[in-house]
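Structure first, commentary second.
The values are calculated or read from the model by the stated rules, or taken from the named source; none is laboratory data. Keep in mind it's a predicted model, so treat the numbers as computed, not measured. Neighbour counts run over all protein chains shown; Cβ positions are idealised from the backbone, glycine included. Just so you know, the surface numbers come from the protein's heavy atoms only, side chains and all, with ligands and any DNA or RNA stripped out. Shrake-Rupley method; radii C 1.70, N 1.55, O 1.52, S 1.80 Å.
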Amino acid sequence: MPVETTADASAAKSGNAATDRFREAGKVGNAEVSVERVDHLAGKLIKAANDIVLAERVSYDEFNALKAWLIKVGEDGEWPLFLDVWLEHSVEDVATDHREGNKGSIEGPYYVPDAPVQDSPAKIQMRDDEKGTPLLFQGQVTGTDGSPLPGAKIELWHADEAGFYSQFAPGLPEWNLRGGFIADEAGNFHIDTMQPAPYQIPTDGACGQLIAAAGWHAWRPAHLHLKVSAPGHELLTAQLYFPGDPHNDDDIATAVKPELLLDLQPAESGEGQQVTYDFVLDPVQ
Ligand code: MBD
Ligand code: FE
């Protein structure tokens, strides 16, 4: 078997990896959803679809195109991608609209738990010849009452300069550009990483087929993914974005919020950029 590289990346590989990851994440089969709630929600969804068919006079050709496409979404393992791109942002809004601390954003399909953890200050795992612009990401984690949260954990994961995520595109070291970081006794963290590229969702799978058929674009703006946690506080899942990215205003995943834009400065080290971004966590209710 020849060694795989990122040139061998495909929709089905990243999609099936995301599907496997979801199955392993312990989110399946442990939800308590009552018969009444399923009746209500599934009933509403089916009625909404029927209303569209009747109002838009959907033909058998269109119905069969939908059926074939839904089959392909499963074959390509792209249900996590499809749902996270086009639906998760609303679920995230509902889940977090009570918060007074930081705005969050969607997790997306490419989180992997249990990345290697280091004490801050630290450098995220990357290849010796990792390409791109160095990025120093630093800040402080506090509670909504302003008190610092010593030992808060910041998990960071993001794409590389070519737009690939380790463990979802072949040919990358397992934990490349993924890691956990423990803030110091004042809640401060300091992480050296590399600026990610804008991300185009795979074009050669079912989601790409829909995007092409509808004449949409497949881009997400460049982003950092984060989970910030501290005992007694709600887990914050967020993404942070780079001002000036052409897709900040038309993210395919509708996951950009003004509060999540970074204020980048030239790095004091002289290499690349640096940014300070503080996190405020809500207490557990
Ligand atoms: C991503 O990198 C992502 O963050 C989301 C939400 C969907 C697809 C790819
Ligand atoms: Fe992402």
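If you go through the stretch 247-275 and keep only what is farther than 20 Å from Trp219 by Cβ and open to solvent by 80 Å² or more (accessible area, probe 1.4 Å), you end up with Glu259, Asp263, Gln265, Pro266, Glu268, Ser269, Glu271.
Among the small types (Gly, Ala, Ser) and surrounded by 19 or more Cβ atoms within 10 Å (Cβ to Cβ): is that true of Ala218 in this structure? Answer is no for this residue.
Name the strands (runs of 3 or more DSSP E) wholly within the stretch 196-285 that hold at least 3 residues that are away from ligand 1 (no atom under 16 Å from the Cβ)?
On the way: elements: 223-229, 236-241, 273-276, 279-281.
Because the criterion is at least 3 residues that are away from ligand 1 (no atom under 16 Å from the Cβ), the strands (runs of 3 or more DSSP E) in the stretch 196-285 that meet it are 273-276, 279-281.
Looking only at residues in the stretch 16-34 that are of a type in the set (A, V, I, L, M, F, W, C) and part of a loop (DSSP other than H, G, I, E, B), the one that is surrounded by the fewest Cβ atoms within 10 Å (Cβ to Cβ) is Ala31.
Of everything in the stretch 156-193 that is assigned to a strand (DSSP E or B) and open to solvent by 20 Å² or more (accessible area, probe 1.4 Å), the residue that is farthest from ligand 1 (Cβ to nearest atom) is Asn188.
In summary, helices (runs of 4 or more DSSP H) completely within the stretch 35-152 and bearing 3 or more residues that are loosely packed, with under 15 Cβ neighbours inside 10 Å occur at 35-56, 60-75, 88-96.
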